[in-house]
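Accompanying notes for the structure given below.
The values are calculated or read from the model by the stated rules, or taken from the named source; none is laboratory data. All values derive from a computational prediction rather than experimental measurement. Every residue, glycine as well, gets a Cβ built from its backbone with ideal geometry; the counts of neighbours run over all protein chains shown. Side chains are part of the model used for accessible areas, which takes the heavy atoms of the whole protein and leaves out ligands, DNA and RNA. Shrake-Rupley method; radii C 1.70, N 1.55, O 1.52, S 1.80 Å.
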Amino acid sequence: MAGAATPMMEQYHELKARAGDCLLFYRMGDFFELFFEDAKAASQILDIALTSRGEHDGDPVPMCGVPVHSAEGYLARLIKAGCRVAIAEQVESPAEAKQRGGSKALVKRDIVRFVTAGTLTEEALLEPRRANLLAAVCELRGQVGIACCDISTGRVELEECAPEAMGAALARIGASEVVAPEDWDVAPDDAIPRPRTEFASEEGEARLKRLHEVATLDAFGAFSRAMLAAAGGLIAYLDHVGRGSLPFLLPPVGKAGDEHLAMDEATRASLEILSSQQGGRQGSLIAAIDRCVTGAGARQLADDLAAPLMSKPAIEARLALVRYFHEDPLLRADLRDELRSAPDIGRALGRIVAGRGSPRDLGQVRDGLAEAQRIQGRLGARPDRPALLDELLPQLSGHGALVDLLSRALVPSPPTERSQGGFIAEGYDAALDELRSASGNARRAIAALEARYRDETGIAALKIRHNGVLGYFIEVPARYGDRLMAPDSGFTHRQTMANAVRFNSLHLHEEASRIAEAGGHALAAEEGHFEELTGEVIAARAGIAAAAAALARIDVAAGQAERAAEGNWCLPEIVEDLSLDIRGGRHPVVESALARAGDRFVANDCVLSPADRLWLIGGPNMGGKSTFLRQNALIVLLAQAGGYVPASSATIGLVDRLFSRVGASDNLARGRSTFMVEMVETAAILAQASERSFVILDEVGRGTSTYDGLALAWAVVEAVHETIRCRCLFATHYHELARLAETCDALSLHHVRAREWKGDLVLLHELASGPADRSYGLAVARLAGVPKDVLSRAKSVLDRLEQGRAETGGLAAGLGDLPLFAAAREVEEQAADGLREQLQELDVDALSPREALEMLYELKRRAASTVD
Ligand code: ADP
């Protein structure tokens, strides 16, 4: 990179321009080098030395580098840090460059691949228990199309939703990378902008047809223009990232937007479904329930939890399979043992089809398919199989010929590196066996040669060794060197080291050449077999992917059954009405945490019906309100995902949308005040919830002053009760809300019980009906270690406040005769309509300025009288 505009720098800049905002890994010998800003960014993220190389415009060029052989680890860290990387490889050898352009010619380089979070296939870069998704989204004629794929397994899903529902849909998908048209003003925040022309529905459709060699997509389902446009964007991006080579993609599956229990991002975060609020799996719902023994099973479970079902028959089909395994612990244990040893064939297949497969991947496909066949035999032989199992079993078999071929062709545990050979089994190819035995003979001849030379020279320490630079050589300790230097000794000197001298001999040279020649031919033969076997696997890819998916589904069901047996969970009953009847419900995460500390979880009931659908829950802080709210939401979610639930019995009236809101959660990172976030999220419920939804609201209104907070909480409860009429649990510390029970007939009051015993507060975590008598705030403060003098001062302030409340009727004085929400709105609307009528009738041109002014005064008077 010395001097101005060297050919190398020109080449670098040309490649960097094509890499765009990706970091450019520029291959130089055994290193990938990064320059300029890329070097600064990467050295910081990777914590490696930033050096410089040559000059550019008079300034040193910042540089850092990573060794090629350990590049994967560095790539993983860069991707985790949110970077994308373009890999520029040398695409000709130095010898070819010299031949082409003389001794000074620069080796040609080209970007061979982009490595991005959503397009990884490498085993080392992927988490085994998490799907890694790429999504493309765009808008077409008022509808948002979303195409998402997991290129490690080839799954592709297309869906469509209204623009308002895009956030919830993307939250459900949880892609690690999202691409969207560059000029779309409501594109998701972190989306990678791509040319608008790539999101064209005709092109998307045409590419899908070409890819799957069909004349029409009808066989895969019906896809809207928006879905196809998104698919076009997805494939164009994959094409760009893979530099023209597309990864393995299964035929697209259409997803109807109303197939799933909808949950927005705030709900998912607050229920900590796939990751906890601290980030990471620990402490999340999935961590508490995942008993899958395979990575593919764990990924399927995460999918199920992220998108619970809405159809009673589909949920019941899954439940029947879980029940089948629940009722037979022996079968379950054997099955899980078998599954445990099944490799991740979905991902191995993904790598093979993407052209990045290794002999080990072929071995995994072989072993996984063989395991699938055994499991099919075991389960197929049993009576009374549930319908879902009968659907899955045929997908596990039918790969006998391929398994047989791979078993004959491959050694039992093939290596990940294919360039060294050694993965084709003996007996598969006679010619290869011969080449191997030739090189084996030569190796034995070399061993014999060593013994002979020791004898002849009388040097017991003589050795024949091998290294990458010299090949085979004879080595003796330095003090014997002279003995072999004699011209007639038959040895030729090659190298003198500090304490050894190295020689060659004619015989050794001959044997070494035989090894090299046979070895070279053997490698070429193995390479040829690798291509053939890969071709066979690719031809069978759809069936292999189906077997992988069937195994994952079976693992999920067996894992759910295991978890249910472990925790004494029950089979939920799914009904179509608007009830929710959970007896002895528990929170799976809190219960596990308590169990680890040796504490017991207190089970509670939640019984909602159209006549009693809104529970207002009071009681002291730390009394268990949030836990109760969430456990019921989680039980609904688990049941609709098709699993057992932590309760003694549960009847779940299907829920279409689940909302969970926590007052004033700290969300400053997004740059909005906490109260603003709380209100934006609450507004979404009021706009989207239906009668079939289930809403949990935890201390909504907490994020502002007492009056504002109470007023908002009051209005929200009324709106939920009167207008939305959905099932709802509302936890609050505003005692005043209890008065709503007088006017709202489907609302009832509950509290978490607490007792003061010998001056100490005892939280019973038990739900009881009726209003909370007091808040025990000071007792909680004492539990938390607030100093005594502060507590006693607080006590006198509280006494004074309570006295005031008794005298004036408290915060909510005067609210008793407030008309109900719906009624009040009607009155307000009617009044407003009167005003509108009067305005409409006005002939402005006919008014004198004075009349106009008077009219304005009158209108203002009327408006004021309706608002007050
Ligand atoms: P609140 O929302 O009323 O402030 P939480 O639901 O956050 O209370 O509960 C506080 C703590 O009490 C929890 O972290 C948990 O340790 C414990 N807890 C909650 N519910 C139960 C229960 N049903 N049984 C046992 N312990 C519970």
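Brief remarks on what is shown
- Normalised by the number of residues in the range 533-682, the mean separation of alpha-carbon contacts (under 8 Å, six or more apart) gives a relative contact order of 31 percent.
- Around Tyr324: net Lys/Arg minus Asp/Glu count, Cβ-Cβ under 10 Å: +1
- Per residue value of the accessible surface for the range 529-654 (all protein chains in place, 1.4 Å probe), Å²: 32 Å²
- Three-way shape call for the chain based on the alpha-carbon gyration tensor, with the a/c threshold at 1.5: prolate
- Subtracting the Cα-Cα distance of Ala806 and Ser648 from 0.36 nm times their residue separation leaves 52.6 nm of extension gain.
- The calculated FRET efficiency for the pair Glu742 and Gln277, based on their C-beta separation and a Förster distance of 41 Å, comes to about 0.65.
- Here the range 238-310 and the range 156-216 have alpha carbon centers that stand 17 Å from each other.
- Residues whose amide H comes within less than 5 Å of that of Ala641, counting only those at least five positions distant or on another chain, are Leu309 (H built at 1.01 Å from N in the peptide plane).
- Cα gyration tensor, the range 513-623 - rounded (a/c under 1.5), prolate or oblate: prolate
- Close amide H pairs (under 5 Å, H built 1.01 Å from N) link Cys570 with Val645, Ala647, residues at least 5 positions away or on another chain.
- Full extension of the chain between Val469 and Arg408 yields a length gain of 18.4 nm, computed as 0.36 nm times the residue separation minus the alpha carbon distance.
- The charge dipole of the range 381-502, taken about its Cα centre with unit charges on the Cβ atoms of Lys, Arg (+1), Asp and Glu (-1) only, comes to about 640 debye.
- Karplus 3J(HN,Hα) series, Hz, for the range 382-391 with 6.51 cos²θ - 1.76 cosθ + 1.60 (x for Gly, Pro): 9, x, 6, 6, x, 4, 4, 5, 5, 6
- For the range 489-587, the list of GluC sites (Glu not before Pro) that fall in a loop by DSSP and count at most 15 other C-beta atoms within 10 angstrom reads Glu576.
- Debye, to nearest 20: dipole size of the chain, +1 on Lys, Arg Cβ, -1 on Asp, Glu Cβ: 2960 debye
- Amide hydrogen proximity for Leu470: with H placed 1.01 Å from N in the peptide plane, no residue at 5 or more positions away or on another chain lies under 5 Å.
- Beta bridges assigned by DSSP with both partners in the chain are antiparallel in approximately 65 percent of cases.
- Surface composition of the chain: carbon plus sulfur atoms contribute 52% of the solvent-accessible area (1.4 Å probe, protein chains only, all chains present).
- Derived scalar couplings between HN and Hα for the range 835-840 equal 4, 4, 4, 4, 5, 5 Hz in order, rounded to whole Hz, by the Karplus curve 6.51 cos²θ - 1.76 cosθ + 1.60 (θ = phi - 60°), x for Gly and Pro.
- In the context of the full set of protein chains, residues of the range 204-324 present 38 Å² of accessible surface per residue (probe radius 1.4 Å, heavy atoms only).
- Anchor Lys16: lysines whose Cα lies under 17 Å away (excluding residues fewer than 8 positions away in-chain): Lys40, Lys108
- When the pairs Lys312/Lys625; Lys758/Lys795; Lys758/Lys788; Lys209/Lys255 are compared against a 21 Å limit on Cα-Cα distance, Lys312/Lys625 fall above it.
- For the range 724-801, the solvent-accessible area works out to 58 Å² per residue, with a probe of 1.4 Å and every protein chain left in place.
- Label-point separation in nm, Glu391 to Leu853, each point 7 Å along Cα→Cβ: 7.7 nm
- Computed from backbone phi with θ = phi - 60° and the Karplus coefficients 6.51, -1.76 and 1.60, the 3J(HN,Hα) list for the range 498-504 is 4, 10, 8, 10, 10, 9, 10 Hz; x is used for glycine and proline.
- The relative contact order of the chain, computed from alpha carbon pairs under 8 Å that lie at least 6 residues apart in sequence, is 9 percent.
- Förster radius 60 Å - calculated FRET efficiency between Lys104 and Ser690 (Cβ-Cβ, nearest 0.05): 0.25
- In the chain, taking the dipole from charged Cβ atoms about the Cα centre, the farthest positive-side position among Ala639, Pro62, Ala136 is held by Pro62.
- Coil-residue GluC sites (Glu not before Pro) of the range 12-119, DSSP, other Cβ within 10 Å capped at 13: none
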